[in-house]
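One structure is given below, encoded as structure tokens.
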Amino acid sequence: MSEQFIVEVASEKHFHYAEIICTEMEASAKARGTGIAKRSPDYVREKMLEGKAVIAVSKAGEWAGFCYIESWSHGNYVANSGLIVSPNFRKSGLAKLIKQKIFNLSRTKYPDAKIFGLTTGLAVMKINSDLGYEPVTYSELTQDDQFWKGCQSCVNYEILMSKERKNCLCTAMLYDPADKKPDNKKSIFDFAKNSKILERLTRIKQATFTVLGKDKKINNLFRLILNKL
């Protein structure tokens, strides 16, 4: 499968793909009924120019996928954001290749940073888990206002703010390089063992947050489940 694509750090030669990348990001968010921070083609080109993006192109020259790096809290936190795969190449395993490439790039550029992500998709959770991410509460993410401002274009932004940025429909996952040191005894999160729990949690959050007046205990429930994993 990997032979079908060129997955590499994006550069100026990929500028002409910026429009289609942004269009597909927006369409994908609408289709899922959730959202990712909306980005402009100029922003995507800026990430390419900085060497903070990964792009996948088919051997025929067709755009296939994209992801970029954002840093927060003076480089102490890094997010691999905007992961998108063209509809023509979904369910091919390409998302995993892109995530691996952007993860390696993040570790190279920010070796001591905590790498985090927010997602509603179990497939992305599985990929993140394979890379060493673990589910966490929102309090363990960056508190940089600029990061959370990026959620304004998400359809669930009002939910996020009503929870004082402590919870939302997305599941937070974090890779902490300090946890991977040989002398650290922290147990490794087993996604295969706990995927059903995460799936139920996601459904509970979705149901609870969309029913007015029935979400007072969801944050405590979230913490309780994570502590049991």
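Numbers at a glance
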| quantity | calculated |
| --- | --- |
| Counted residues, region 114-135 - those being open to solvent by less than 20 Å² (accessible area, probe 1.4 Å) and out of contact with any helix residue (DSSP H, G or I) (no Cβ under 7 Å at 6 or more places or on another chain) | 3 |
| Residue in region 74-90 that is under 19 Å from the mean Cα position of the chain (by Cα), surrounded by fewer than 16 Cβ atoms within 10 Å (Cβ to Cβ) and charged (D, E, K, R) present | yes |
| Residue among E26, E19 that alone is at pLDDT 95 or above and open to solvent by 60 Å² or more (accessible area, probe 1.4 Å) | E19 |
| Flag for A64 being open to solvent by less than 20 Å² (accessible area, probe 1.4 Å), part of a strand (DSSP E or B) and over 27 Å from D176 (Cα atoms) | yes |
| Residue selected from region 153-177 under the condition in a loop (DSSP other than H, G, I, E, B) and among the acidic types (D, E), by the criterion most open to solvent (accessible area, probe 1.4 Å) | E164 |
| Number of the condition not met by H16 [criteria: (1) in a loop (DSSP other than H, G, I, E, B); (2) free of Cβ contacts under 8 Å to residues at least 40 places away in the same chain; (3) of a type outside the set (A, V, I, L, M)] | (1) |
| Members of region 81-136 that are aromatic (F, W, Y) and in a helix (DSSP H, G or I) | F89, F103 |
| Filter result (small (G, A, S), within 16 Å of H14 (Cα to Cα) and in contact with a Ser or Thr (Cβ under 7 Å, 6 or more places away or on another chain)) within region 52-80 | A64, G65 |
| Residue selected from region 92-140 under the condition closer than 15 Å to T171 by Cβ and small (G, A, S), by the criterion modelled with the lowest pLDDT | G121 |
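The values are calculated or read from the model by the stated rules, or taken from the named source; none is laboratory data. This one's a predicted model, so the numbers in the text were calculated from it and none came from an experiment. Because the Cβ atoms are built from the backbone with ideal geometry, glycine has one as well, and the counts that use them run over all protein chains shown. Side chains included, ligands, DNA and RNA excluded: accessible areas come from the protein's heavy atoms. Shrake-Rupley method; radii C 1.70, N 1.55, O 1.52, S 1.80 Å.
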